[in-house]
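Notes for the one structure printed next.
Derivation of every value follows stated rules applied to the coordinates shown; laboratory data play no part. Quick caveat, the model's predicted, so the values are computed rather than measured. Positions of Cβ are generated from backbone atoms using ideal geometry, with glycine treated the same way; all protein chains shown enter the neighbour counts.
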Amino acid sequence: MSALPNVPHANGEFLKNEPMSRHTSWRIGGTADMLFRPHSVEDLAQFLYNLEADIPIFWLGLGSNLLVRDGGLPGVVIATARIFTSFEYLGEQVVRVGSSIPCTQLSRQCVRLGLGPSEFFAGIPGTLGGALAMNAGAHGSETWELVRLVRTIDRRGELRERVPDDYQIGYRSVSGPIDEWFVGAELEFDSNIAASMDRYKEMLSRRKETQPLGLPSCGSVFRNPPNDYAARLIEACGLKGCRIGNAEVSDKHANFIINRGNATALDVENLILHIHQTVADATGIELVPEVLIIGREAA
């Protein structure tokens, strides 16, 4: 276990040596040296302003699409589920949304306003902040297609607004200013596309039918390669049901790895590597992980 970081006083909840298995959808992960839940945006800004520059920060949403290694995380994990939760309709097909809103909730509220295309957000398991960070998408639509501007906070606790031209946006990838994190966005929808509650419900139903939602997973593990699907390639290689330790390729959806109970992060990471190598050997296609793998190796 590493020494706990020296963190500044701020209003909020501090948890020392916090198991990240409590905060990830895989229910896996070593301990974070420190986890901080600010009570307000002002508390967060004060905390960041006074935090030593060499202390690592990791921003936590719902913990989907995330694998924390068994050795845990150095520095401070900042959990913002209690702040950045606003939703406001500005008119003219535009909504202003906080980064902590789950994408399924965002989809439901936009559909009720008739804003399209918004149903696809129902297929994204994380928060808007995570969707912005990786340009998450589903059913042929992507988050940044709708972004008019984003709001960020930096290591000094300064809030600012940025436009899409400040970022390099690709398929499941976003890069831009370093040491800034998304805290919200304005999304602009197409006035020519009407959202449908029936379509929203259909997408939720399809998710339930095709994905192992009742078991701990991270969502899709690999990005889809050009003109193909990762799940199809993995299934074609006979990997459904493949297991390392208690990590298993889902029989329901081959691009999902499920925790069968007490799986370790190492089990999952080794299974990811095995899938990657097997598909590459059989097809020549190098699958790229969509899941973020962070933290220290176990001692």
Have a look at GLN211, THR143, GLN105 and report the one farthest towards the positive end of the charge dipole of the chain, computed about the Cα centre with Cβ charges (Lys/Arg +1, Asp/Glu -1). GLN211
On a C-alpha basis, how far is the centre of the stretch 41-69 from the centre of the stretch 104-161 in Å? Whole number, if you could? 20 Å
Quick one: if you stick a label point 7 Å off each Cα along the C-beta vector at TYR89 and ILE293, how many nm between them? 4.4 nm
Of the candidates ALA282, ALA254, ALA231, which one comes out as most mobile in a Gaussian network treatment of the chain with C-alpha springs shorter than 10 Å? ALA282
Find the centroid of the Cα atoms in the stretch 201-270 and in the stretch 74-88, then give the distance between the two in whole Å. 27 Å
State, as an integer percentage, the relative contact order of the chain based on alpha-carbon contacts under 8 Å between residues 6 or more apart. 19 percent
Check: the chain dipole with +1 on Lys, Arg Cβ and -1 on Asp, Glu Cβ, in debye: 860 debye
(i) 56, 52, 31; (ii) 108, 39, 36; (iii) 59, 37, 32: which one is Cα extents along the principal axes in Å as calculated from this entry? (i)
The extension gain from ASP154 to LEU213, computed as 0.36 nm times the residue separation minus the Cα-Cα distance, is 17.8 nm
In straight Cα distance, which aspartates and glutamates are under 20 Å from LYS201, not counting same-chain residues fewer than 8 positions off? GLU119, GLU142, GLU209
Under a Gaussian network model of the chain whose springs join Cα atoms within less than 10 Å, the largest fluctuation of ILE83, ILE193, ILE124 belongs to ILE193
In range of the label at ASN50: residues from the stretch 146-182 whose backbone nitrogen is under 19 Å from the point 7 Å along Cα→Cβ: 154-159
Contour minus Cα-Cα distance for LEU273 and LYS201 (0.36 nm per residue): 22.4 nm
Please state, as a whole number in µm²/s, the translational diffusion coefficient that the Stokes-Einstein equation yields for the stretch 87-188 at 37 °C and 0.692 mPa s, with Rh defined as the Kirkwood radius across alpha carbon pairs. 243 µm²/s
For the stretch 12-79, what is the relative contact order in percent, using Cα pairs closer than 8 Å and at least 6 residues apart in sequence? 42 percent
Could you give the length gained on full extension between GLU286 and GLU13, defined as 0.36 nm per residue of separation minus the Cα-Cα distance, in nm? 94.1 nm
